[in-house]
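What follows is one structure encoded as structure tokens, with my remarks underneath.
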Amino acid sequence: MNLVRTSLGLLMLLFIGVQYNDPDGPLWALVYALPALLMGVCVLRARWLEALAGRWLVTAVVVALALAAWLAWPQTPGFWRQEVWWEEEAAREGMGLMIAATVAACALPVAWRRAAGFSFVARRIVPGPQGP
């Protein structure tokens, strides 16, 4: 999973890189930096996200990005087709928010795994002593 999270973080950094000529580029750089930062912390310092403040920070970022994606959901019919999003900035922005929210949501299992009482790592079960 670290390879997937690293790849997603690098993808978000590439998204930041293509904002150089956008009039509202700094805003979009921030939008894409949040999931990139979360993916970096997931890979390098997962314990930070497992703390109470980290869990709620991740949750707040995901909720904020999901809410923004919902509010900016493209109204253009067929917004996912290239001929539409190539021309419509609103479709591109809505899809960018959807991608950012999805990538940020990949940090939720890391943040909440200990609080939920489960782990994604398989454990060997060793039988205990048998009763009399």
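Where a number appears in this text, it was derived from the coordinates with a stated rule and is not lab data. These numbers come from a predicted model, not from an experiment. Methodologically, a virtual Cβ is constructed for each residue, glycine included, from the backbone with ideal geometry; neighbour enumeration extends over all protein chains shown.
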Select from region 1-35 the residues that are under 16 Å from Ala111 (Cβ atoms) and touching a helix residue (DSSP H, G or I) at 6+ places or on another chain (Cβ under 8 Å) and list them in ascending order.
Asn2, Arg5, Leu8, Gly9, Leu34, Pro35
Please name all residue pairs, on different chains or six or more residues apart, with Cβ atoms under 8 Å, provided the first residue is in region 25-49 and is touching a residue at least 60 places away in the same chain (Cβ under 8 Å) and the second residue is surrounded by 15 or more Cβ atoms within 10 Å (Cβ to Cβ) and among the basic types (Lys, Arg).
Met39/Arg5; Cys42/Arg5; Leu49/Arg55
